[in-house]
Amino acid sequence: MTSPDGEGDRLHDLVRVLLDEEIGEAKLCELSELLRDDPAAMRRYLAYMSLDAELAWECGRAELSPVEKRATGAREGSVRRRRSWLARGAVGAAAAAVAVVAIFILLPGQQQLPIAADSMLILKHLSGEVRVSGGDGQPVNLALGTRISAGATATTLGPTSFATFAYDDGTRILVAGDSQATFSGQNQKSIETLRGTISAAVAPQPAGQPLLVTTQQARLEVLGTEFLLAASADETDLQAKEGSVKLTRVADGESVVVAQGKRVEADVFLSDLVVRDAQPPPSTWGEDFEAGLPHTWMAGKFISAGLPDRSRGGVQAQLDKETQIYGVTSPHPWSKGLFVIHADTHLHMTYQMERPDWVNLFFITRTDDAGLPTTFLHKFSGLPAARADAGRWRTATIPLSDFQRKSERGFEDVPPRVGELVFGISCSAPKPNRGLVIDRIWVTQGGSGKVVVEDVE
Amino acid sequence: MFDDGLLEQLAEQTVVHAKRANERLDALRQCLKLLSSRHRALIEQRYATGGSVKAIAEQAGRSVNSVSVTLHALRQKLLECIEHKVAGEGA
């Protein structure tokens, strides 16, 4: 890497100043000139930018570097990079994407790549499995900074996947969990989401041209506010975090205005549109399956025989064809969550295994630092599995502080943090089928702080 | 400042670079282990949350320029190492 000539030395010096100090306009111009028509210099420049991003990732810096901030126009503290349990591919993609972003730093006052005439959104962050197809249905090659055209559809797959997009006016849209959103409209922004969760911080829109969001049940008009929307085939759940949002039910045209701190649900049964206070997430949660397996559960088969006395319902682990693991999985309500974690939160589960083997318990949490979600996976694998326990109903109590958090190095002895929102729980056992059945699973605040497994009397 | 032609060149180079991002990250991890503990600590200080050359310089009683030059020499060394490893794997 020794510089062969004076120009090379100068390039290294300018890049050094760019990375470590405040580079002035004169030096920036000089750097631009050096890169012009010199592919080798450009390659070297991009190698440095990429290394800078990779080092930041590897050394655990949570915030964007001054270079990246300049590149992205990010405000101090407004953009955070995820670490933790990101998949390998996502780490590489993010580092590569910063290299893409690095191009922008050479464009003071201009700061964008040539864009298509109908370009309207820019991809700001992504995590997990995210797909974007253009209006023609063709997949869009994703990198941070990618411009998305009108008609594009973003799909996020899996509970921990998400993508954030920004319009040129600063409006930000988060698509999270198992979700799909189609962006359209030029002068008037429009988003259609048939399923999943979107969260939006909407910049003031021109008079008479509110941002329109449509779901299967409702149409939202937003002039400028922050809101959280969860949509499914059965229900649209809207919460206004700031400002207000007008919701109109498609089926009958009934409208309500949802003000800051309020929420409303529009369902297929045309229940009254009642605007309520948005409640903070609960500290407890549970499901006893007495009334059957709720349709929102992701995995498991309802059973009503062979259960403990007085129990009328339980759920049997089902084989996941992809992972070849038997599991029971709760709903994944990204926006509402299941419960919030306290220092003394305990998970309880009454269960039985016909052929005892390992059982893993998982839960997923999220935080919303600086408006950008971070998700974490936690695991507990310390339940005893002795042959003598075959067919016995037992109740396990596990403090959440005994769960391990997943990072890129695997599961580590890092407990979940107080205040994180749990939005999914899963219990799994290996193949062949071990006959895992859960009669009841619940979460309490308060407990001994110890793992306890007792026979059910 | 830039014309469209130069922007296109930059974009093309970036795409080529991005395709090898995972390989590079693997190589970086190996190359960091080859640094002396003192130099690795300097890199970690610089790239830890809130790390800045100015803060490192103040803490070490050195000038910003001196710390920056050392850091950049380490970056050059890491780039050399990464390129060597990536080229080796690709061969």
Residue by residue through segment A:233-248, what is 3J(HN,Hα) from phi via Karplus (6.51 cos²θ - 1.76 cosθ + 1.60, θ = phi - 60°)? Round to whole Hz and write x for glycine and proline. 5, 9, 8, 10, 10, 10, 10, 8, 8, 9, x, 9, 10, 8, 10, 10
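Relative contact order for segment A:312-448: what is it in percent, counting Cα pairs under 8 Å that are at least 6 residues apart? Display every interim value, and only then the final one.
Numbers: 320 pairs, mean separation 59.0, N = 137.
Relative contact order for segment A:312-448 comes out at 43 percent.
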To make sure I understand the rule: partners must be lysines, Cα under 17 Å from the Cα of B:Lys85, and not fewer than 8 residues away in the same chain. Which ones qualify? B:Lys19, B:Lys33, B:Lys77
What is the distance in Å between the Cα centres of segment A:152-223 and segment A:312-335? 30
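How crowded by other chains is A:43-54, given as the mean number of beta carbons from other chains within 10 Å of each beta carbon?
Numbers: counts 4, 1, 2, 6, 7, 4, 2, 10, 8, 3, 3, 10.
So the per-residue partner count for this stretch is 5.
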Peptides A:156-164, A:218-226: what's the order by average Cβ count within 10 Å, highest mean first? A:156-164, A:218-226
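Tally Lys/Arg at +1 and Asp/Glu at -1 over every other residue whose Cβ is under 13 Å from the Cβ of A:Ser190; what's the total? Kindly include the intermediate steps, with their values, before the conclusion.
Details: positive: A:Lys189, A:Arg219; negative: A:Glu192, A:Glu221.
Net charge around A:Ser190: 0.
Net charge near A:Lys301: determine it from the other residues with C-beta under 15 Å of the C-beta of A:Lys301, scoring Lys and Arg +1 and Asp and Glu -1. List each step's numbers first, then the result.
On the way: positive: A:Lys321, A:Arg434; negative: A:Glu287, A:Asp320, A:Glu354, A:Asp439.
Net of charged neighbours comes to -2.
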If a paramagnetic tag sat 7 Å from the Cα of A:Glu354 along the Cα-Cβ line, which residues of segment A:418-445 would have the backbone N under 19 Å from that point? A:428-440
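Partner chain Cβ atoms within 10 Å, averaged over the residues of A:390-400 - can you pull that number for me?
Details: counts 0, 0, 0, 0, 0, 0, 0, 0, 0, 0, 0.
Partner Cβ neighbours, averaged per residue: 0.
Using per-residue counts of other Cβ atoms within 10 Å, averaged over each peptide, order B:55-62, A:173-180 from highest down. Present the calculation step by step, with values, prior to reporting the outcome.
On the way: B:55-62: 13.1, A:173-180: 23.5.
For the peptides B:55-62, A:173-180, the packing ranking is A:173-180, B:55-62.
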With every protein chain left in place, what is the accessible area per residue of segment A:315-457 in square angstrom, probe 1.4 Å? 43
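The values are calculated or read from the model by the stated rules, or taken from the named source; none is laboratory data. These numbers come from a predicted model, not from an experiment. FYI the Cβ positions are ideal-geometry reconstructions off the backbone, even for glycines, and counts take in every protein chain you see. Remember, those area values only see protein heavy atoms, side chains included, never the ligands or the DNA or RNA. Shrake-Rupley method; radii C 1.70, N 1.55, O 1.52, S 1.80 Å.
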